[in-house]
Amino acid sequence: MKKWYDEEYEFQIEVTGFLRGDHTERYCRNGEEIGDQYTCTYGCPVNQDGQGICSKVMMVLFPIMEAMRSGGNLENIGGNSKYSKEIVCPDGCVMFRLTAKKLGNPNFYKGKFFD
């Protein structure tokens, strides 16, 4: 892979809790534990060990991340701040906090990369 574009945002996703119970065994197939953290810019989020986030959670995260990349404000879709939103995995098991950090790079579509 040859990443040629410096993304506009970095995202951090942290596991904040479980809806039921207090442990991951027999509960979360991906083994998410409270305090686990994942980061990414455009690719799929990975943790410090290089393990990827649950693919079902990524289905929820991607449209929210695209909203941020499009200049959105997460408060407009129930976020607790412009750059942060709590989500629950599609299985209704694990709670996550998505936080966006603006990196100061040009927007992909407005940066004239194709001229």
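The numbers here are math on the coordinates, done by the rules we state, and not lab data. Quick caveat: nothing in here was measured; it's all calculated off a predicted structure. In this analysis, Cβ positions are derived from the backbone assuming ideal geometry, glycine residues included, and neighbour counts consider all displayed protein chains.
Estimated from helices alone, the mean residue ellipticity of the chain at 222 nm is -4500 deg cm²/dmol (sum of -39500 (n - 2.57) over DSSP H runs with n ≥ 4, per residue).
Return a whole-number percent for the relative contact order of segment 9-102, with Cα pairs under 8 Å and 6 or more residues apart as the contact set.
Across segment 9-102, relative contact order equals 36 percent.
For the chain, the longest principal axis of the alpha carbon atoms and the long axis of helix 55-69 meet at an angle near 30°. Computed about the Cα centre, the dipole magnitude for the chain is approximately 360 debye when only Lys and Arg (+1) and Asp and Glu (-1) carry charge, each at its Cβ. The candidate values were (i) 21, 18, 14; (ii) 28, 16, 10; (iii) 39, 15, 12; the one computed from these coordinates for semi-axes √(5λ) of the Cα gyration tensor in Å carries the label (ii). For segment 15-66, the relative contact order works out to 24 percent when only alpha carbon pairs closer than 8 Å and six or more residues apart are counted.
When you filter the chymotrypsin sites (Phe, Trp or Tyr not before Pro) in segment 1-56 for DSSP loop state and at most 16 other Cβ atoms inside 10 Å of their Cβ, you are left with Trp4, Tyr5, Tyr27, Tyr42.
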